[in-house]
Amino acid sequence: MASSQIKTTCCIAGGGPAGMMLGFLLARAGVRVTVLEKHKDFLRDFRGDTVHPSTLELMHELGLLDEFLKLPHSKVDHVSMQIGEDRVRIALVGLPTVCKFIAFMPQWDFLNFLAAHGKKYPTFDLRMQAEATDLIEANGRVIGLRAKTPDGELEIHADLVIGCDGRHSTLRESAGFKVNDLGAPMDVMWFRVLRENSDGQEVVGHIERGRMLVMLDRDDYWQCAFVIPKGSAKEVESLGLDRFRATVAEMAPFDLGGRLDGIKSWDDVKLLTVAVDILRRWYRPGLICIGDAAHAMSPIGGVGINLAVQDAVAAANILAQPLRHGAVSETTLDAIQRRREFPTKFTQRVQLIMQNNLIGPALQGSGGRPRAPLVMKMLQWPLLRRIPARVMALGIRPEHIHTPEA
C-alpha cells in the first residue's frame, strides 16, 4: 500500500524544461497539475542551457522576457566553426523575433524561474525528491503513477499522466513504448576552462581528423565539449590526462596557457553518452511522453532544451481545454504527436546528416583533413545565410502561446 495518495487533473513526471514549462502553462490556464522532480533541487552541471530566440519569444509572449533576461546569462549572435582548413560562420540575421541572439543561461536558473512563476497559481503543485517509478493502470488505461519520496511511496491518480522524465524515461519503459534508435557515432566529454577577457566572445568549434572541440562562452568560464567516437571514453582515459589536456590545447582557437591544469582528474570531466531516438507512438490512453522522453536529441546545434519547450507549449495549447473538462481522448493525444513529430524528425535528420557526413568520418580519422560540405559553404552566401539562422534559432515549426491565463 502507498503511504499516501493524492488526486490531481494532470501529473507530470520530470522537472526538466518540458515538464516545468508544461506545468507552468497548464496551471496558468487553470488546470490542476502536479509536477514531480526526483532531485532536491535543479543544480546539475553540463545540462542544456542554450536558450534560442524561439524560447525567448515565448517569454516575450508571456510578458516575462524582461524579468527572464535579468537572470545570469551571456549573449551570442553568431557561431563559428573551423573544419580543417575551412571556416564557416552562422550569424543570427533576419529573425522575426524580439531577441536576435542566443542566451546561454544555467539550466537551474531557467527551471527555478519557471517554478517560481508556476507557484503563483493555486493549481500548481511542484514536488521535489519525488521520482516516478511505475504506472497505475485500470481497464487498459493509465490512471496515475507511483512515486518514491523521502516519506515513502506516493500514489497519484490523474486524468492524464505526462512523461517528461528524460531520455532514460522510466514511464516510457513502463508503458512498453517502442523506440526507433537512429544511432549516434559520438559521445561527448564535458569540462570547464576559466575564461579570460582576451579570449573573445563567441561559440567556437574546431573539427580535425580524429578530433573535435566545441567551446561555449559562459561569461567567466568556457563550457567545453570534447567530442569522441562512440564508446571510446575508456580509450581516451587510458592515454592519460596529460595527453587529453595537450590535445585540447592544440584544438583551442587561442592559447589556454596553464588554465587546463584546472582539470585535475577525470572527475572533472563528465561523459555524455549521445543518443538519437524517437518513439514510434508517443501515447496510449491516459499517458503521453514529450521532450527527451519522446525523442532524444543530439547536442548538435544546442536544440534539445528548445525543442522540449516547443513540445510543452504545443501540449498546453492542445490539452488545456480538454483537461479543464476532464475528457482527454486518444485523438487529443494523437494531435500532440502529429503537431510535434514532423519538426522533431526534421531536426533529427539534419543532426544525422551532420553526424554521418562530417563529424563521424572526421572522428574516425578517415582520409585527409576534413572539409566543410559544399552546402555549408553555400549557406555563407548573403542571399542564403538567413536559412541556417532561422532553422537553428526558430526551428521548423515554432509554437506560440494560445492558452489564456485563467
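The values are calculated or read from the model by the stated rules, or taken from the named source; none is laboratory data. What you see is a predicted model; the values in this text were computed from it and never measured. For neighbour counting, all protein chains shown are included, and Cβ atoms are generated from backbone atoms with ideal geometry for every residue, glycine included. Heavy atoms of the whole protein, side chains included, go into the accessibility calculation; ligands, DNA and RNA do not. Shrake-Rupley method; radii C 1.70, N 1.55, O 1.52, S 1.80 Å.
Evaluate the relative contact order of the chain (contact order divided by residue number), counting alpha-carbon pairs under 8 angstrom at least 6 apart; express in whole percent.
24 percent
In square angstrom, rounded to the nearest 10, how much accessible surface does Met392 have for a 1.4 Å probe?
Here the accessible area works out near 30 Å².
Write down the percent of antiparallel bridges among all DSSP beta bridges whose residues are both part of the chain, to the nearest 5.
Roughly 65 percent of the DSSP beta bridges within the chain come out antiparallel.
When the accessible area of the stretch 46-87 is split by element with a 1.4 Å probe, what percent falls to carbon and sulfur?
On the stretch 46-87, the fraction of accessible area on carbon and sulfur atoms equals 44 percent.
First compute the accessible area of the stretch 297-386 with a 1.4 Å probe, then give the percent of it belonging to carbon and sulfur atoms.
The C+S portion of the solvent-accessible surface of the stretch 297-386 is 59 percent.
Calculate, for Glu235 and Gln5, the FRET efficiency according to 1/(1 + (r/R0)^6) with r their C-beta to C-beta distance and R0 45 Å; round to the nearest 0.05.
Computed FRET efficiency for Glu235 and Gln5: 0.35.
Note down the accessible area of Ile401, probe 1.4 Å, to the nearest 10 Å².
30 Å²
Grab the beta carbon distance between Asn197 and Arg89, set R0 = 25 Å, and tell me the FRET efficiency rounded to 0.05.
About 0.70, to the nearest 0.05.
Which percent of the accessible heavy-atom area of the stretch 139-239 goes to carbon and sulfur, probe 1.4 angstrom?
The computed percentage sits at 45.
Top to bottom by accessible area (1.4 Å), largest first, where do Thr170, Thr55 land?
Thr170, Thr55
Which value, in debye to the nearest 20, gives the size of the charge dipole of the chain about its Cα centre, when Lys and Arg are +1 and Asp and Glu are -1 at the Cβ?
Taking the Cα centre of the chain as origin, the dipole is about 1000 debye.
Only Cα pairs within less than 10 Å get springs; with that Gaussian network setup on the chain, which residue of Asn139, Asn112, Asn357 has the largest fluctuation?
Asn139
Using Cα-Cα distances under 8 Å and only pairs 6 or more residues apart, what relative contact order does the stretch 247-406 have, in percent?
21 percent
Going from most exposed to least, what order do Arg172, Arg385 have by accessible area with a 1.4 Å probe?
Reading off the accessible areas and sorting them downward yields Arg385, Arg172.
With label points built 7 Å along Cα→Cβ from the Cα atoms of His168 and Asp242, find their separation and express it in nm.
Distance between label points: 3.4 nm.
Using only helices, what value at 222 nm comes out for the chain when you add -39,500 (n - 2.57) per DSSP H run of length 4 or more and divide by the total residues, to the nearest 500 deg cm²/dmol?
The helix-only estimate for the chain comes to -9000 deg cm²/dmol at 222 nm.
Tilt of helix 107-118 relative to the longest C-alpha principal axis of the chain, in degrees (0 to 90, nearest 10)?
20 degrees
What does a probe at Asp109 reach in the stretch 289-309, counting residues whose amide N is under 18 Å from the point 7 Å along Cα→Cβ?
Flagged as within label range: 305-306.
Give the ranking of Val214, Val35, Val179 by solvent-accessible surface, highest area first, calculated with a 1.4 Å probe.
Largest accessible area first, the list is Val179, Val214, Val35.
For Met354 and Arg397, FRET efficiency with R0 = 22 Å and r from the beta-carbon atoms, rounded to 0.05?
0.65
Angle check, please: helix 330-354 long axis (alpha carbons) against the longest principal axis of the chain (alpha carbons), in degrees 0 to 90, nearest 10.
10 degrees
With 24 Å as the limit, write out which pairs from Lys40/Lys120; Lys70/Lys119; Lys7/Lys178; Lys230/Lys270 have Cα-Cα distances beyond it, or answer none.
The pairs that break the limit, which is 24 Å between Cα atoms, are Lys7/Lys178.
What accessible surface, in Å², does a 1.4 Å probe find on Phe254, ignoring ligands, DNA and RNA and rounding to the nearest 10?
40 Å²
With a probe of 1.4 Å, find how much accessible area the chain has per residue, and write the answer as a whole number in Å².
44 Å²
Which Cα, out of Gly23, Trp266, Ala130, lies furthest along the positive dipole direction of the chain (beta carbon charges, K/R +1, D/E -1)?
Gly23
Alpha carbon centre of the stretch 190-257 versus the stretch 86-127: separation in Å?
The stretch 190-257 and the stretch 86-127 have Cα centres spaced 25 Å from each other.
Suppose every Lys and Arg Cβ carries +1 and every Asp and Glu Cβ carries -1, with no other charges. What dipole size does the stretch 1-129 come out with about its Cα centre, to the nearest 20 debye?
Here the size comes out at about 480 debye.
Would you mind calculating the gained length between Ser265 and Lys40 on full extension (0.36 nm times residue separation, minus the Cα-Cα distance), in nm to one decimal?
Here the segment from Ser265 to Lys40 would lengthen by 78.3 nm.
What is the spin-label model distance, in nm, from Arg324 to Phe342 if the labels are put 7 Å beyond Cα along the C-beta direction?
Taking the simple label geometry, Arg324 and Phe342 are separated by 2.8 nm.
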